[in-house]
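Asker: Take a look at the following structure, please.
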Ligand code: GDP
Ligand code: MG
Ligand code: K
């Protein structure tokens, strides 16, 4: 459904490796230096998507290690599903190791798992080169290389920022052409909002039997947690192109909108494990077409 500019690249990347090799440091550093966008909750079990790095020519979506972190709640599962089903699978794997040490059993195990589970390009990333001598590094590259078939090998220091530009370039090289899945300025909380808006959209398409085009946009305008009541208040605008579509969406005496709202609310409550108050409004696109950044804000910009 998403359109994209020719030449724009995007994809899902996962960084695998045993604990403490520097996976989180790398992702944080990449995001932090480019500033464009961030989800900093790297360790939350809830968000399968860790970070989104948007450059002029590419968007990299870093995802938690599949098979190692099992999603612990429904949101994680859902993100898992959208990441792996609708958006297909990982495009690129970074296998990170600590260049200070020889490969151990765990490295071998991960390399074996990767060989079985993925046919995607896999980059061997030797991290922490800032604390390794040149001689040792050559030996390590040799040792780790034997663990599997790697598309490319790169030595970096995530912490000191050594070779990260090269790494970024290599990553972009191996990403397929694709759409900008997420808006430039997406943050973690907005990922939840994005999913909520997609859920509402799904119900619209389901209940209107496609009479409302896929271009229907849903903008979450309010997402407020009320801890006093264990309730989340969500307000959303549904944007359509024509008056007739607005009519269909609202239905006789508001019946259609009620149906959509009820069904979406049930799913959202299920997903967020809390009560939800959902307030839906239908608007005609012309109202907002001229609004600057509206498309970007909605996340539907190609
Ligand atoms: P993870 O478990 O793989 O996510 O590893 P972390 O990113 O949490 O890093 C583990 C430790 O290694 C932390 O203390 C980091 O500061 C350190 N570390 C990460 N990258 C580097 C590096 O390039 N050089 C050095 N010397 N230390 C690093
Ligand atoms: Mg970590
Ligand atoms: K991590």
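Only the coordinates and a few stated rules stand behind these numbers; no lab work does. No experiment lies behind these values; they were computed from the predicted model shown. Cβ sites come from the backbone with ideal geometry, for glycine too, and all protein chains shown count toward neighbours.
Asker: Calculate, in nm to one decimal, what residue 116 and residue 166 gain on full extension: separation in residues at 0.36 nm each, minus their alpha carbon distance.
Answerer: So the extension gain works out to 15.2 nm.
Asker: Same structure, new question: Can you tell me which of 90-101, 167-178, 249-260 comes out highest on packing, and rank the rest after it, using the mean Cβ neighbours within 10 Å?
Answerer: The peptides rank, most packed first, as 90-101, 167-178, 249-260.
Asker: Once you have the Cα-Cα distance between residue 143 and residue 223, take 0.36 nm times their residue separation minus that, and quote the gain in nm to one decimal.
Answerer: Values: separation 80, 0.36 × 80 = 28.80 nm, distance 5.05 nm.
Working it through step by step, the gained length comes to 23.7 nm.
Asker: Which FRET efficiency, nearest 0.05, do residue 243 and residue 24 yield, Cβ-Cβ r, R0 45 Å?
Answerer: Efficiency, from the Cβ-Cβ distance: 0.35.
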